[in-house]
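To start, the structure under review is shown below, and the notes come after it.
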Amino acid sequence: MSQLPAPPAARQLGSSGIAVSPIAWGMWRLAEGGRSAADAARLVHAALDAGITLLDTADIYGFNGSSGFGDAEALLGEVLAAEPALRGRMVLASKGGIMPPRPYDQSAAYLTAALDASLARLKTDCIDLYQIHRPDILAHPHEVARVLDDAVSAGKIRTIGVSNFTMPQIAALNQFLGHKLASTQPEISPLRIDCIENGELDQAMMLGLTPLAWSPLGGGRLASPAGATQLAVASALDVVAKAQDISRSVAAYAWLMAHPAGIVPIVGSQQAERIAEAAAATQVRWTRTDWYAVLVAARGVPLP
Ligand code: NAP
């Protein structure tokens with residue numbers, strides 16, 4: 001049976017001209033448990049040494065509801081200060097626009113200050129991909145676009161992305177941007193297939209956005225599935241995992257990567273071996289039959 005194409009060795013972030021690995025590593029959980037800068041550096045090395053060049057963080061990562069805002073960025077900043085050469089080996093993505101603890105604020109004043117604070121914590125002059133973390137309904141997209149375009153012109157960011165935006169919100173912001181969106185970051189996993197069904201990935205293909213998938217293992221639920229749907233999805237992934245001698249997690253990343261929109265899964269593990277293992281997803285091949293079997297398990301109903 002014919003196989004779906006293997007992912008390319010590198011993907012482009014939209015039309016920005018920035019090349020990234022087809023799989024990314026995320027630092028949402030980096031600052032948990034009082035991790036030291038030396039331990040954080042080991043994880044950064046694990047990703048880069050495995051060929052994972054896109055590293056995703058956010059100013060809110062590390063926030064525990066009352067304190068810790070900026071901690072994950074600050075920890076990465078310490079790593080970069082101790083070993084400046086690492087900065088050139090990565091495509092650095094961060095996010096802003098959530099005012100802790102909530103709600104969201106993308107007024108010009110807040111967003112401009114948030115970006116400057118991220119740059120200071122990360123101890124870098126430029127964030128390669130700056131993403132609006134969650135949409136602020138009260139900010140006019142024209143105002144948000146102006147701040148982001150100015151940041152590109154000032155050299156503070158290289159390109160622009162969004163996360164958790166609806167399709168009309170993506171279209172509205174893109175309409176006003178001079179430097180068009182390069183990426184969108186929704187939740188996508190074999191346990192969360194909304195994007196595959198609701199047109200978001202089709203819009204990404206239409207606008208040339210690179211979809212970055214957050215929580216590609218459903219926040220870890222795929223590792224210990226519970227309930228009929230999760231068990232069925234796990235078992236459909238295990239068929240391919242067993243045949244190709246890989247873990248279920250790697251099969252899950254590869255399942256996302258086989259989608260024609262060029263999904264870049266953001267690996268969430270903070271264990272060096274699991275980060276390194278994830279890179280094996282580029283070698284996994286899918287047949288249409290196996291790919292659709294996972295989709296059908298996730299839907300819970302046969303194909304019409
Ligand atoms: P995930 O890959 O779905 O889940 C990772 C979690 O699963 C970790 O706690 C990991 O623990 C656990 N896990 C258990 N067994 C595992 C196995 N065999 N292999 C790998 N992991 C296993 O991803 P996530 O952490 O929820 O999210 C990934 C990234 O997406 C974040 O770092 C962040 O960059 C991004 N994100 C973005 C948003 C947004 O709103 N834009 C929201 C959430 C996340 P160990 O660390 O012990 O391996």
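The values are calculated or read from the model by the stated rules, or taken from the named source; none is laboratory data. Being a predicted model, the structure only gives us computed values, none of them experimental. We place every Cβ from the backbone using ideal geometry, glycine too, and count neighbours over all the protein chains shown. The protein model used for the area step is the full one, side chains on, heavy atoms only, and it has no ligands, DNA or RNA in it. Shrake-Rupley method; radii C 1.70, N 1.55, O 1.52, S 1.80 Å.
A few notes on this one:
- Accessible surface, the chain, averaged per residue in Å² (probe 1.4 Å): 42 Å²
- Here the accessible area of the chain is 55 percent carbon and sulfur, with a 1.4 angstrom probe and all protein chains present.
- If the Kirkwood radius is taken over C-alpha pairs of the stretch 1-73, then at 20 °C and 1.002 mPa s the Stokes-Einstein diffusion coefficient equals 151 µm²/s.
- Put 59, 150 in order of accessible area, highest first, and with a 1.4 Å probe you get 150, 59.
- Pairwise Cα distances in the chain exceed 31 Å in 27 percent of cases.
- Rg and Dmax of the stretch 1-122, based on Cα coordinates, read 16.1, 56 Å.
- For the stretch 54-210, convex hull volume per residue from C-alpha positions, Å³: 117 Å³
- A Förster distance of 30 Å, applied to the separation of the beta-carbon atoms of residue 243 and residue 202, puts the FRET efficiency at 0.50.
- The length gained on full extension between residue 283 and residue 296, counted as 0.36 nm times the residue separation minus their Cα-Cα distance, comes to 2.3 nm.
- Estimated [θ] at 222 nm from DSSP helical runs (n ≥ 4, -39500 (n - 2.57)) normalised by residues in the chain, nearest 500: -12000 deg cm²/dmol
- Note on residue 99: accessible area approximately 70 square angstrom, rounded to 10, probe 1.4 Å, nucleic acids and ligands left out.
- Accessible surface ranking that places the most exposed of 89, 42, 11, 29 first, with a 1.4 angstrom probe: 42, 89, 29, 11
- Selection among 9, 152, 182 by position relative to the dipole of the chain gives 9 as farthest towards the positive end (Cβ unit charges, Cα centre).
- Peptides ranked, highest mean first, by Cβ atoms within 10 Å: ranges 34-40, 175-181, 293-299, 261-267: 261-267, 293-299, 175-181, 34-40
- Inter-part distance where the stretch 9-76 and the stretch 242-297 are each reduced to a Cα centre, Å: 20 Å
- Cα-centre dipole for the stretch 72-184 with unit charges at Cβ (Lys and Arg positive, Asp and Glu negative), debye to 20: 200 debye
- Cα centroid separation, the stretch 104-137 to the stretch 160-208 (Å): 19 Å
- Top positive-direction residue, dipole computed over the stretch 240-304 with Cβ charges, set 286, 264, 276: 286
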